[in-house]
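The values are calculated or read from the model by the stated rules, or taken from the named source; none is laboratory data. Model, not experiment: these values are computed from the prediction. Ideal geometry is used to build each Cβ from the backbone, glycine not excepted, and the neighbour counts take in all protein chains shown. In case anyone asks, the SASA skips ligands and DNA or RNA and just uses the protein heavy atoms, side chains included. Shrake-Rupley method; radii C 1.70, N 1.55, O 1.52, S 1.80 Å.
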Amino acid sequence: MSGDRGIRLLIVGPPGAGKGTQASAVAEAYGIPAISTGDIFRANIEQGTELGKQVQEVMASGGFVPDELTNSIVADRLKQEDAQGGFLLDGYPRTTEQVHELDRILAESGAELDAVIQLQADTDEVVKRLTKRALEQGRVDDTEDVIRHRQDLYREQTEPVIAIYAERGAVVEVDGLGTVDDVAARVRDGLAARGLGVHA
Ligand code: AMP
């Protein structure tokens, strides 16, 4: 971990693997902000901001918001005070281009990532979960076609992102199947095994 400058983590996993839930738990345990690009976009859509209008359509279709736009939002967010002592990025980077931008942002402040938590879950299971979430939360990007499109994009664009971090030896693989508490315990153990425990 980068001394008193806190811990810098990413969490990646297929749509429906429970990233958001685990991100909140990990961020709380480490006292760092969980920064979810999906949440930022959704909040902007809800508030009817200019950014919200720009991303509404592509989000509803399950596509990716263009890299340039996503990158600039993350760059701004990481400059804020609360992110100086570490952060957990949830849902970013999702493309190799975004990896390069994050490298640039971190290099600028002399910071490094500590670990990338990869939540693993098989496609049938996540599709089942997302269909259930659609009924419970009414998210416009949880319909069957859109779910399939999001899984395809994950395979095509985000798995190469994981490959980059795996090559750097940064990935902590966690089985995402099971109760929220079971998965949270696995995340904690995986980070602790790398010397990144909460009290490390
Ligand atoms: P999430 O909440 O992480 O599942 O993200 C929901 C949606 O927000 C995605 O399907 C994309 O449309 C958009 N989105 C979130 N993060 C990114 C990103 N890093 N790059 C491009 N689009 C994103």
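The listed residues are E125, E112, and the only one of them that is farther than 26 Å from G86 by Cβ and of a type outside the set (V, I, T) turns out to be E125.
So, of the residues in segment 81-109 that are outside any strand (DSSP E or B), more than 14 Å from L153 (Cα to Cα) and small (G, A, S), which turns out to be farthest from the ligand (Cβ to nearest atom)? Checking each candidate, the answer is G85. For T21, the criteria (1) open to solvent by 10 Å² or more (accessible area, probe 1.4 Å); (2) outside any helix (DSSP H, G or I) hold in every case but one, which is (2). Can you find a residue that is open to solvent by less than 60 Å² (accessible area, probe 1.4 Å), more than 10 Å from the ligand (Cβ to nearest atom) and in contact (Cβ under 8 Å) with a residue 60 or more places away in the chain anywhere in segment 63-79? There is no residue in segment 63-79 that is open to solvent by less than 60 Å² (accessible area, probe 1.4 Å), more than 10 Å from the ligand (Cβ to nearest atom) and in contact (Cβ under 8 Å) with a residue 60 or more places away in the chain.
Can you say whether G13 is over 24 Å from L113 (Cα atoms), in contact with a Lys or Arg (Cβ under 7 Å, 6 or more places away or on another chain), near the ligand (Cβ under 10 Å from one of its atoms) and not aliphatic (A, V, I, L, M), as far as the supplied structure shows? No; evaluated as a whole, the condition is false for this residue.
Within segment 43-62, take every residue that is within 8 Å of the ligand (Cβ to nearest atom) and buried (at least 18 other Cβ atoms within 10 Å of the Cβ) and give me the one that is farthest from the chain's Cα centre (by Cα). For segment 43-62, the residue satisfying everything is V55.
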